[in-house]
Every structure is written in structure tokens, then in C-alpha cells.
């Protein structure tokens with residue numbers, strides 16, 4: 001196997017581990033780095049999983065996922081996302097990352113071109129290059145003014161070799177949400193130029209601005225050009241449980257099943273059973289959580305208003321903000337390193353999300369209010385000290 005030189009350790013996980021190590025050594029660390037919800041897994045899922053484990057019914061499952069869970073996911077996508085699919089369009093995986101990886105492995109061949117909108121999740125490029133080391137990754141930056149899509153530049157980048165466009169809304173790390181009109185334009189480009197769109201919608205349930213989530217897959221009568229990736233990590237706080245899924249065109253079924261059979265056999269059965277058994281879990285807890293996120297974003301906005309040396313576009317969804325530090329005269333690695341060394345606040349360098357985003361820093365609000373308030377205060381003091 002060829003490991004492309006562009007594939008490095010995950011910067012987000014590496015920074016988070018460094019913060020944990022220092023915390024375990026007795027240092028006071030406020031982590032505004034990783035995106036891991038601080039609320040608990042819904043008790044109905046926990047109890048249902050315990051029941052399955054006690055019953056000893058946790059052997060092998062269908063490689064594509066338990067039929068009842070796949071039916072529930074298809075129904076959810078139809079009712080909530082307006083994606084017209086059934087269980088034969090669904091693959092259940094060990095987290096959304098694995099769904100992404102298997103899709104790329106099936107689709108990509110040497111010399112194919114993949115367009116990624118930056119700033120982007122740190123694993124997108126490595127996963128593409130792991131799936132096909134000889135494909136070409138084309139990075140297109142959204143606007144640094146308002147995170148809008150550079151449609152003329154994007155259209156210019158499309159060639160006969162374009163196989164895949166990767167979209168992430170709500171976006172990690174910037175928190176922007178694409179509008180229906182923007183997604184329609186992307187979909188029309190895919191149809192016109194015969195390429196696929198992979199839509200990562202893992203943050204769909206986390207939104208606190210004026211925009212509502214729109215699934216690009218809803219523009220199709222049946223899944224044809226759009227592959228939708230989602231999971232339970234952010235909406236159900238099941239980060240360590242590793243349960244994700246893909247909704248895909250049926251033409252990919254055979255190849256997806258082969259890869260799943262020979263790599264994963266099946267996704268953890270008792271977790272699948274637990275989630276399926278607790279399908280009617282009350283999701284109203286997300287209303288309270290989104291209100292908390294909105295309040296934390298308001299604190300972030302107030303900090304920006306007091307500090308003219310930094311700036312930032314107020315996020316609409318997810319739980320991240322992308323702080324613009326271009327006026328401070330230092331790169332993102334230097335900023336983050338000095339910040340944690342001098343204040344104990346852990347953030348993530350913008351360079352991790354795209355080579356042209358070294359003038360930004362990602363701040364996570366997926367922690368309790370007290371830590372967010374203290375963390376923002378320390379960041380503000382640090383900015384005043386160095387500016």
C-alpha cells in the first residue's frame with residue numbers, strides 16, 4: 001500500500017491528546033479543541049444496549065447493517081431530509097469516517113480528481129488519498145469574507161476527470177451552512193458534468209442561527225449522484241460508540257458490500273441493536289443544547305466586538321467558530337502553541353483545515369458554560385497581550 005506523503009497524523013487529535021496529557025500531569029487545561037458533545041448518550045439507547053448485551057444476541061449481522069436499523073435510517077432520511085430512499089440504499093458503518101472511506105474506495109480510481117471545499121474536516125484529504133493514492137485532490141477555498149461559495153472558480157476546476165465533490169454543511173471548522181440555492185447550483189454542476197457529490201451532514205441537528213439544514217440529496221428523485229454521510233456521534237453524543245451510515249445510489253451496492261465484508265464484516269451488532277430498539281428516543285434535548293450553543297456563540301461574538309485585532313464570521317451550525325487572527329502577525333500553530341503554554345487554553349490551528357487557512361484558529365464550544373466563559377476570557381487576555 002502506498003501512503004501518500006500528504007497523509008499526516010490528525011492535527012486535531014494530536015492537539016487534543018497533548019492537552020489531555022498535560023491535564024493528566026496536573027496542569028489546568030481548558031480544552032476548546034475537540035468536537036465532542038458534553039451531554040450524555042440518551043438513556044433509552046444505553047438501556048436498550050444493556051438489554052441486548054444481557055440477552056446474548058450480539059453475533060454477526062448483515063454486513064450492510066441490521067435490516068431493521070437500515071429501514072429506520074431510510075425512514076428518517078425520507079421524513080426529515082426529504083431523501084427518497086429505502087434500506088437497500090443504506091450502509092451502516094463504524095462511524096461516519098468509515099462510511100466516507102468505503103465510499104471513496106469504491107468510487108475512486110487512479111487519476112480521478114476530487115474537489116474539496118476548504119476549510120474542511122482534517123480527515124477528508126487523507127481519507128481520499130488512502131482510498132486512491134494516485135487521484136488528484138483539488139482544494140477550492142470558500143470566501144474569507146463571508147464563507148460563500150466561489151462558484152465561478154469551482155466550475156472552472158471541473159474537468160472530465162472530476163469524479164467527486166465533497167460538501168460539509170453545517171461545516172467543520174467554520175460553522176457555515178449552505179443554502180438550498182447554493183446546493184442546487186452544486187447539484188446541477190454534478191448532473192451536467194457527471195460526477196458524484198459526497199455530502200457530510202454529521203452536524204445537521206446542531207443549528208442555532210437563522211438558517212435551516214437542507215440536504216442536497218433531496219434534490220433527486222432517487223439517490224443517483226448524491227451520497228449522504230451521517231451518524232450518531234454529534235446528535236446522540238455517541239462519539240466513542242462509532243456508528244455512522246451512508247445513503248448511496250443502488251448502483252454502488254455490490255462494491256460497497258464487498259469492501260464491508262472483507263474489512264469490517266459488520267458494524268458492532270449490539271450497538272446497532274441498541275439504537276434500533278430505541279428508535280423513538282426523545283430528541284427534544286437537542287432544543288436545550290442548541291440554545292446553549294447559541295448563548296456560547298453570543299459570548300464569542302461579544303469577545304470579537306471588544307477585540308478589533310481579531311475577527312470572525314458568526315457560525316450558524318455545528319459547535320465551532322473559526323477565528324481570524326491574520327492581524328496578529330503569527331501563524332496558527334504559533335498562536336495555538338503559545339496560547340496553551342501561556343494560558344492553558346487548547347484550540348486547533350487553522351492550517352489543519354487547509355493550507356490557505358493558517359490565519360485562522362478553530363474554537364470548539366462543545367464543553368460546559370463555565371469553561372467556555374473562562375476560555376474566552378483567557379483568549380481575550382492573550383490577544384491583548386500580543387497585539
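The values are calculated or read from the model by the stated rules, or taken from the named source; none is laboratory data. All values reported here derive from a predicted model rather than from experimental measurement. Cβ: placed from backbone, ideal geometry, glycine included. Neighbour counts: every protein chain shown.
Numbers at a glance
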| quantity | calculated |
| --- | --- |
| Residue within the stretch 167-179 that is crowded, with 18+ Cβ neighbours inside 10 Å and more than 19 Å from the chain's Cα centre (by Cα) present | no |
| Where residue 202 falls short, out of the listed (1) surrounded by 19 or more Cβ atoms within 10 Å (Cβ to Cβ); (2) more than 14 Å from the chain's Cα centre (by Cα) | (2) |
| Any hit, the stretch 67-81, residues being at pLDDT 95 or above and part of a loop (DSSP other than H, G, I, E, B) | no |
| Residue within the stretch 264-280 that is surrounded by fewer than 16 Cβ atoms within 10 Å (Cβ to Cβ) and closer than 27 Å to residue 209 by Cα present | yes |
| Scan of the stretch 204-242 for residues that are over 30 Å from residue 268 (Cβ atoms) and assigned to a loop (DSSP other than H, G, I, E, B), ordered by number | 208, 209, 210, 211, 212, 214, 220, 221, 224, 225 |
| Helices (runs of 4 or more DSSP H) completely within the stretch 264-354 that count 2 or more residues being within 30 Å of residue 231 (Cβ to Cβ) and free of Cβ contacts under 8 Å to residues at least 24 places away in the same chain | 285-306 |
| Test: residue in the stretch 253-261 that is in contact with a strand residue (DSSP E or B) (Cβ under 6 Å, 6 or more places away or on another chain) and either touching a residue at least 60 places away in the same chain (Cβ under 8 Å) or outside the structural domain of residue 86 (by TED's automatic domain parsing) (or both) | yes |
| Residues satisfying the stated conditions in the stretch 241-274, i.e. more than 23 Å from residue 80 (Cα to Cα), under 22 Å from the mean Cα position of the chain (by Cα) and at pLDDT 95 or above | 241, 256, 260, 267, 268 |
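Per-residue answers, yes or no, for (1) under 23 Å from residue 365 (Cα atoms); (2) assigned to a loop (DSSP other than H, G, I, E, B); (3) assigned by TED's automatic domain parsing to the domain that holds residue 104:
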| site | (1), (2), (3) |
| --- | --- |
| 164 | no, no, yes |
| 167 | yes, no, yes |
| 171 | yes, yes, yes |
| 181 | no, no, yes |
| 186 | no, no, yes |
| 190 | no, no, yes |
